[in-house]
1. Can you compute the label reach from residue 173? Point 7 Å from Cα along the Cβ direction, backbone N cut-off under 11 Å, restricted to the stretch 12-38.
2. How much accessible area per residue does the stretch 1-76 have, in Å², with a 1.4 Å probe?
3. Roughly how tilted is helix 2-29, in degrees to the nearest 10 and between 0 and 90, from the longest Cα axis of the chain?
4. Restricting things to alpha carbons, find the Rg to Rh ratio for the stretch 57-108 using the Kirkwood radius for Rh.
5. Give the calculated FRET efficiency between residue 131 and residue 54 to the nearest 0.05, with a Förster radius of 22 Å applied to their Cβ-Cβ distance.
6. Tell me the angle of helix 64-84 to the major Cα principal axis of the chain, expressed in degrees between 0 and 90 and rounded to the nearest ten.
7. Can you compute the FRET efficiency between residue 1 and residue 142 using 1/(1 + (r/R0)^6), with r the Cβ-Cβ distance and R0 = 22 Å? Round to the nearest 0.05.
8. Taking the Cα atoms only, what angle lies between the long axis of helix 34-62 and the longest principal axis of the chain, rounded to 10 degrees?
Amino acid sequence: NIFVFLAAYFFYIEGVNTVIRMATPIAVSMGIGQTTLILVLLVIQVTAFPFAILYGRLAKVFTGRRMIFVGIFVYSIVAVLAFLMPSFEDMVTRTRIFWLVAILVASSQGGIQALSRSYFGKLVPKRKSSEFFGFYNIVGKFSAIVGPFLVGTVTWMTGEERFGVLTVLALFLIGGLILMRTKRETEIVAETPPPDM
């Protein structure tokens, strides 16, 4: 179950990291102005924190695993909107869609990261949590490579950035499908250490 979750985590957090790293250059290429970009980045930083708290509270009601699915769904909408943005020639409409994308990213960025770590903490043996979180961190760091490579490769092959952006959607879909094979919180049995001899 740990391996399955790490596989799912690799794909969907790859999508999250790709959105974070590629948003600015893609937005510039779509004609979004520098002033708008700066304002959007500030809004994301300010609004991400309260949304992360909201995710945590909702996780107590609906479980962390379900809220991770919500985060994946929200990011999938982000990828679709980013794909559709270039089809709007009117810059006012395009800028509005970009603001909507930014708000959606802010709503789920902190929540999906925090809940992923929390869910993984429930899976790992308590006596070996350091070793397992070492693997978790390695997967997270490595996942910052594949997404930008896919976006760049597909953009180069097709000549259009919008198709490169669409590869991010595939990362979220694959991650979500694999995550469906993980256990619900109610099915996870925490490992209890053997009695001292």
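The values are calculated or read from the model by the stated rules, or taken from the named source; none is laboratory data. Note that the structure is a prediction, hence the values are computed from the model and not measured. Reconstructed Cβ throughout: ideal geometry from the backbone, glycine too, with neighbour counts over all protein chains shown. For accessibility, only protein heavy atoms count, side chains too; no ligands or nucleic acids. Shrake-Rupley method; radii C 1.70, N 1.55, O 1.52, S 1.80 Å.
1. Answer for the stretch 12-38: none.
2. 51 Å²
3. The answer is roughly 20 degrees.
4. Ratio of gyration radius to Kirkwood radius for the stretch 57-108: 1.14.
5. For residue 131 and residue 54, the calculated efficiency is 0.10.
6. Between helix and principal axis, roughly 20 degrees.
7. After rounding to 0.05, the efficiency reads 0.60.
8. 30 degrees
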